[in-house]
Amino acid sequence: SILLAPLEKILAKKEEKQFIILHTLGSHFDYASRYPDEFDIFKPSLKSVKNPSLHDYSQRTELRNSYDNSIIFTDYVLSKSINLLSKYAPYSFLFYKSDHGEDVYDGKCMSSGHGRNSRTNYEIAALSWTSDIYKINNMQKVNALNKNSYKPISTEVIFPTLTDAAHIIIDNAQA
């Protein structure tokens, strides 16, 4: 959430062209340190554990609850970012992508953390949002995003997607 005030300050300048990247810590362990107390919705959580461990199966409920709380907080930060864009940047595009998923003793997986060959590590969240004015002026781009919204995404496509969305042309770019 500490990113929101600087984001608002930058957007309030109302400069014609801005390309802003926010790098969040997301939902990396210790999950309970990734959200403030008011987002400690699912309990028991790791906030009540003295020495939390990513690999202690006896803490699996607290791990899952804290991970879910961190996701709720990420959603909050994204929502507030969209609100700021709506307020200050009527022609805007937002793209969010997690860098990886996590195993948190879900279902048949008896592990936690990331870096494993598991579905939850590779099927990860991505979100795009556009303002109404952006949508009107870029209907072809928006339609392409919508058409492909259920397809897997690779980090290889993020840079070209962002530069295309921002109408940035790179001379002699290799395809």
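Conditions (1) at pLDDT 95 or above; (2) under 26 Å from Glu16 (Cβ atoms), marked per residue:
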| residue | (1), (2) |
| --- | --- |
| Gln59 | no, no |
| Leu63 | no, no |
| Phe73 | yes, no |
| Lys80 | yes, yes |
| Leu84 | yes, yes |
| Lys87 | yes, yes |
| Leu94 | yes, yes |
| Tyr105 | no, no |
Study note, to complete from the structure: Quick count over region 45-97, residues being in a loop (DSSP other than H, G, I, E, B) and either under 30 Å from Leu162 (Cβ atoms) or open to solvent by less than 60 Å² (accessible area, probe 1.4 Å) (or both), is 10
Review point. Out of curiosity, is His114 at pLDDT below 75, open to solvent by 20 Å² or more (accessible area, probe 1.4 Å) and touching a strand residue (DSSP E or B) at 6+ places or on another chain (Cβ under 8 Å)?
Key: yes
Check your understanding: Do you know which residues across region 7-35 are out of contact with any Phe, Trp or Tyr (no Cβ under 8 Å at 6 or more places or on another chain), under 23 Å from Asp99 (Cα atoms) and in a helix (DSSP H, G or I)?
Key -> Leu7, Ala32, Ser33
Revision key, fill the gap. Over region 123-143, the set of residues open to solvent by 50 Å² or more (accessible area, probe 1.4 Å) and more than 30 Å from Asp106 (Cα to Cα) is Asp132, Ile133, Lys135, Ile136, Asn137, Met139, Gln140, Lys141, Asn143
Check your understanding: When you look at Glu38, is it among the charged types (D, E, K, R), open to solvent by 50 Å² or more (accessible area, probe 1.4 Å), without any contact (Cβ under 8 Å) to a residue 12 or more places away in the chain and not in a helix (DSSP H, G or I), yes or no?
Key -> no
**Study point:** Within region 144-163, considering residues that are open to solvent by less than 80 Å² (accessible area, probe 1.4 Å) and modelled with pLDDT of 90 or more, the one nearest to Phe95 (Cα to Cα)
**Key:** Leu162
Point to revise | Near pairs, Cβ below 7 angstrom, 6+ apart or cross-chain, from region 125-154 (under 11 Å from Ala165 (Cβ atoms)) to any residue that is outside any helix (DSSP H, G or I) and open to solvent by 70 Å² or more (accessible area, probe 1.4 Å) | key: Tyr134/Tyr91
Review point. Do the conditions hold for Ser66, that is, is it among the polar types (S, T, N, Q), at negative phi and within 16 Å of the chain's Cα centre (by Cα)?
Key: no
Review point. Any residue in region 119-128 that is modelled with pLDDT under 85, out of contact with any helix residue (DSSP H, G or I) (no Cβ under 6 Å at 6 or more places or on another chain) and within 17 Å of Ile82 (Cβ to Cβ)?
Key: yes
Check your understanding: Quick check: is even one residue across region 70-89 over 13 Å from the mean Cα position of the chain (by Cα) and closer than 25 Å to Glu123 by Cβ?
Key -> no
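The values are calculated or read from the model by the stated rules, or taken from the named source; none is laboratory data. Computed from a prediction, not measured in an experiment: that's the story for all the values here. Every residue, glycine as well, gets a Cβ built from its backbone with ideal geometry; the counts of neighbours run over all protein chains shown. Only protein heavy atoms, including side chains, enter the accessible area calculation; ligands, DNA and RNA are left aside. Shrake-Rupley method; radii C 1.70, N 1.55, O 1.52, S 1.80 Å.
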